[in-house]
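Single-structure report; data block below.
The values are calculated or read from the model by the stated rules, or taken from the named source; none is laboratory data. Since the structure is predicted, the reported quantities are computational estimates derived from the model, not experimental observations. Quick reminder, even Gly has a Cβ in these numbers, built from the backbone with ideal geometry, and neighbours come from all protein chains shown.
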Amino acid sequence: MSKAPKSAKPEASPRRDYDRRKRKGAVRRASGRPIWRQPLLLGIAVLLLGSGGAGGWWAWKQGWLVEAQKQVDEASRTVLGVLTPFKLADVTVEGRDYVERDAILAALNVRAGDSLLGIDLQGARKRLEAIDWVASATVERRLPDTLYVTLKERRAVAIWQNGAEYTLIDKNGRTVRASRMPPGADKLLLLGGPGAPEHVGELLLLLAYEPSIAKVLRAAVWVGQRRWNLVLNNDTEIWLPEEDAVAALQRMAKLDASDKLLQREFGVVDLRLPDKLYLRKRAPAGDPPPNGPA
């Protein structure tokens, strides 16, 4: 009896071949690529290798961000080196009447030869605006070598006499110190009395109602922290009330228009009471002025 023939070896099929190779790890996904072919990591590798063998190993050990930062810093130094020719040679200031030259230079904190592009413009502007006289400022670079400053200065509207000291006052009541009196300071309104600067805005508004009085006003005294005495160029005093000072001043202007009251011999016109008017004759020359009530 003859032996049965051995069964034929199954014919290999593409599916079986694929499964076998997959089990052996010979197949990867079609979309996969070896790690060294990834574009981003390839760029990092080139960066690290380009920095030199020892440097590349150190960057790999410490982290690639450290090496990247070094590359950025080096590029920055290169750019600054190229821009070095823009050196400060001139400071031009527009709008300066009161502010001293030395105060401006101290605020800018620059010197000839400094890098024009390295100047902190915002910091310089803030320091300029901290000067008493300066309301606002702008600071610009003008290549190749100029720093251009534009100032808007505060304007003094009055001089406050506080004992033996005289201080300039702007329209907002801010005291403005100065090493010298500005042009036209002799024509400014003279203020007296403790607390007068804080109320100068109210005084200016009051005078705006009667410009005829404002034109001949020489001084104003803040009395008792509550009201004004006005002193005219001819030394006549107008005592205003604590309340409704506008109505009192308008009444004064009407009396002057009809009776020339302010051009007569009266030294004091007392308007503190709304329904009464008190007049005091001018003191003879050489006599001390009488002390009026507060």
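Restrict the check to the range 201-214 and report whether at least one residue is touching a Phe, Trp or Tyr at 6+ places or on another chain (Cβ under 8 Å) and either assigned by TED's automatic domain parsing to the domain that holds Leu240 or within 30 Å of Lys260 (Cβ to Cβ) (or both). Yes.
It is to be established whether one or more residues within the range 214-224 are under 14 Å from Pro274 (Cα atoms), assigned to a helix (DSSP H, G or I), modelled with pLDDT of 90 or more and among the charged types (D, E, K, R). Checking the range 214-224: not a single residue is under 14 Å from Pro274 (Cα atoms), assigned to a helix (DSSP H, G or I), modelled with pLDDT of 90 or more and among the charged types (D, E, K, R).
Conditions (1) surrounded by 16 or more Cβ atoms within 10 Å (Cβ to Cβ); (2) of a type in the set (Asp, Glu); (3) within 19 Å of Trp228 (Cα to Cα); (4) out of contact with any Phe, Trp or Tyr (no Cβ under 8 Å at 6 or more places or on another chain), marked per residue:
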site	(1), (2), (3), (4)
Ala112	no, no, no, yes
Leu116	yes, no, no, no
Ser136	no, no, no, yes
Leu143	no, no, no, no
Lys152	no, no, no, yes
Glu198	no, yes, yes, yes
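Against the numbered list (1) within 15 Å of Arg96 (Cα to Cα); (2) outside any strand (DSSP E or B); (3) modelled with pLDDT under 95; (4) under 19 Å from the mean Cα position of the chain (by Cα), Pro183 comes up short only at (4). Taken over the range 208-230, the criterion of being without any contact (Cβ under 8 Å) to a residue 40 or more places away in the chain, of a type outside the set (Gly, Ala, Ser) and surrounded by 12 or more Cβ atoms within 10 Å (Cβ to Cβ) is satisfied by Leu217, Arg218, Val221, Trp222, Gln225, Arg226, Trp228, Leu230.
The C-beta contact set for the range 147-171 (first residue in contact (Cβ under 8 Å) with a residue 12 or more places away in the chain, second residue of a type in the set (Asp, Glu) and crowded, with 20+ Cβ neighbours inside 10 Å, distance under 7 angstrom, 6+ apart or interchain) comprises Arg154/Asp170; Arg155/Asp170; Ala156/Asp170; Val157/Asp170.
Taking the range 231-250 as the range and being part of a helix (DSSP H, G or I) and under 12 Å from Arg272 (Cα atoms) as the test, the residues that pass are Ala245, Val246, Ala247, Ala248, Leu249. Considering (1) in a strand (DSSP E or B); (2) modelled with pLDDT under 95; (3) over 17 Å from the mean Cα position of the chain (by Cα); (4) not assigned by TED's automatic domain parsing to the domain that holds Asn229, the lone condition that Ala135 does not fulfil carries the number (3). Scanning the range 227-249 for residues that are touching an Asp or Glu at 6+ places or on another chain (Cβ under 7 Å) and modelled with pLDDT under 95 yields one hit, Leu249. Total residues in the range 158-179 satisfying the condition of being more than 25 Å from Ala107 (Cα to Cα) and either touching a strand residue (DSSP E or B) at 6+ places or on another chain (Cβ under 6 Å) or of a type in the set (Asp, Glu) (or both): the figure is 6.
If the condition is being surrounded by 18 or more Cβ atoms within 10 Å (Cβ to Cβ) and not small (Gly, Ala, Ser), then the range 232-260 contributes Thr236, Glu237, Ile238, Trp239, Leu240, Leu249, Met252, Asp256. Is one or more of the residues making up the range 164-175 modelled with pLDDT of 90 or more, part of a strand (DSSP E or B), surrounded by 15 or more Cβ atoms within 10 Å (Cβ to Cβ) and not assigned by TED's automatic domain parsing to the domain that holds Pro194? Looking through the range 164-175, none of the residues is modelled with pLDDT of 90 or more, part of a strand (DSSP E or B), surrounded by 15 or more Cβ atoms within 10 Å (Cβ to Cβ) and not assigned by TED's automatic domain parsing to the domain that holds Pro194.
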